Amino acid sequence: MSICTSTLSNGIRIVTDQLAGAESIALGVWVGVGTRHEDLSQNGIAHMLEHMLFKGTPSRTAKIISEVIEDAGGHMNAYTGRETTAYYIHILKDHTDLALDVLADMIQNSIFPEDELERERAVILQEIHMYEDTPDDVVFERAQMTAYPNQALGASGLGTIEIVNKIQQNDLKDYISKRYRSDKIVLSAAGAVDHDEFVRKVEALFSSVGSARKATDFISPAKYNPSASLVEKSTEQAHLVLGFQGLSYSDPRYSAMRILSSILGGGTSSRLWQEIREKRGLVYAIHSFRDSYSDDGQFGVYAGTSPENLTELVPIILDEIINIQKGITKQELVRAKNQIISGARMTREKVMSRVDQQGRYMLNHGRPFYLSEMTESVNKVSMKDVTDLARIVFSTPLLVSAVGQLDSLMPYDVMRQRLLSSF
């Protein structure tokens, strides 16, 4: 097994993660732009572009793009994040040339046919409606908007119906020409891959991608300024997010944040799960979460419960947030470290996990991911590191996002005061 990197003359970075004995290769294009890079007046264009890159080039129709990979037994997909967009293929190693050629064609030669644009517009509008009917999605989207109001970082990942209806072919062409530039692109491959051979193939197919224009690289610094977002809806469950300001992925305390999340709500042995689900049966789902960006992050707790349980549930969550600031046990620390390191090791058994991990890590940190470095960072974290971070995180302004029947939800100011009184 070996991890190698190269940089083409035009600035495109390549990372390969070879897995001995693999018969398949996972490969793709990771682009360092996402919904955060949109102008608010074009919210949703990054996601629409991701859809439209599958809809045809001068040499391949949308149908051919779809069929050619599946005819070879492969799988192709994409995703749009806040700061990253990715296009990837998992296929047998025999078809590496085909997969690379399709990706290169899509990234450089997509023509965004008008008829396909209208069809995909309708699909995305259906996707927005589906999201609006899914309260556990809405509660997180509202949390993001509430954390970063009036900022692209807080805008919807899908866009709004009004804006999606306005995006035209020229808007997509302008966006890709300005944003999908060579120093924002990483080609990642994992599994049955020879690095030198892969680099030669990428250079032959992607060498014409131009360098980035400095004017398009700017994003406004994140401004965490949360409040409460309450959406009354006649649902069987009430969905709740309590959030705080977290850390960026480059913060040296990042590993401590992972451990804090694991102990508080990372599994069935976590404090929240044991206290709220096992002891009291108040929820089916409860967990902590952490989202990190280039310059900021969020840390929070999600719970889904019957509306009548909110009165009992919220004070317990707040008590657990208060209690973890007083200290953790050695057993909790060891368990959390084992969970994180074991999870990372097991994840690397899958080529798709490896390729995404390396693509994102190279974009975010400028170097490949090494399990040994992560393990060392996690093992260095002390009990004091975790409790110190807990005090910092949980002293930041409170975010509340809730969807459902919320009559019995504790008022925002009361929650906030309860937390403040613990300091």
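Please work out if residue 394 is modelled with pLDDT of 95 or more, farther than 29 Å from residue 137 by Cα and of a type in the set (A, V, I, L, M, F, W, C). Can you show your working first?
Details: modelled with pLDDT of 95 or more: yes; farther than 29 Å from residue 137 by Cα: no; of a type in the set (A, V, I, L, M, F, W, C): yes.
Judged against the criteria, residue 394 is not a match.
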Within region 88-106, the count of residues that are part of a helix (DSSP H, G or I) and touching a helix residue (DSSP H, G or I) at 6+ places or on another chain (Cβ under 9 Å) comes to 12
Of everything in region 319-342 that's within 26 Å of the chain's Cα centre (by Cα) and β-branched (Val, Ile, Thr), which residue is surrounded by the most Cβ atoms within 10 Å (Cβ to Cβ)?
-> 321
Contacts under 6 angstrom Cβ, first residue in region 317-339 being assigned to a helix (DSSP H, G or I), partner crowded, with 16+ Cβ neighbours inside 10 Å and among the aliphatic types (A, V, I, L, M), 6 or more apart = 317/301; 320/272; 324/264; 324/390; 332/263; 336/259; 336/263; 337/378
Could you tell me which residue of region 82-106 is farthest from the chain's Cα centre (by Cα), considering only residues that are under 22 Å from residue 38 (Cα atoms) and either surrounded by fewer than 16 Cβ atoms within 10 Å (Cβ to Cβ) or free of Cβ contacts under 8 Å to residues at least 60 places away in the same chain (or both)?
-> 106
Could you figure out which of (1) more than 30 Å from residue 413 (Cβ to Cβ); (2) surrounded by 14 or more Cβ atoms within 10 Å (Cβ to Cβ) isn't true of residue 345?
-> (2)
Only unsatisfied item for residue 270, checking (1) crowded, with 22+ Cβ neighbours inside 10 Å; (2) in contact (Cβ under 8 Å) with a residue 24 or more places away in the chain, is (2)
Which is touching a helix residue (DSSP H, G or I) at 6+ places or on another chain (Cβ under 7 Å), crowded, with 20+ Cβ neighbours inside 10 Å and of a type in the set (Gly, Ala, Ser), of 62, 152?
-> 152
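Return the residues of region 107-158 that are of a type in the set (Val, Ile, Thr) and either assigned to a helix (DSSP H, G or I) or without any contact (Cβ under 8 Å) to a residue 24 or more places away in the chain (or both); say none if nothing qualifies.
Taking region 107-158 and keeping what is of a type in the set (Val, Ile, Thr), we get 107, 111, 123-124, 128, 134, 138-139, 146.
Result: 107, 123, 124, 128, 134, 138, 139, 146.
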Could you tell me whether residue 29 is under 24 Å from residue 116 (Cβ atoms) and touching a Lys or Arg at 6+ places or on another chain (Cβ under 8 Å)?
-> no
Does residue 255 meet the test of being within 25 Å of residue 400 (Cβ to Cβ), assigned by TED's automatic domain parsing to the domain that holds residue 314 and either modelled with pLDDT under 95 or not aliphatic (A, V, I, L, M) (or both)?
-> no
State all residues of region 267-276 that are of a type in the set (Gly, Ala, Ser) and either within 16 Å of residue 387 (Cα to Cα) or not assigned by TED's automatic domain parsing to the domain that holds residue 329 (or both); if no residue qualifies, say none.
-> 270
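The values are calculated or read from the model by the stated rules, or taken from the named source; none is laboratory data. Everything numeric here is computed off the predicted structure, so don't read it as measured data. Cβ: placed from backbone, ideal geometry, glycine included. Neighbour counts: every protein chain shown.
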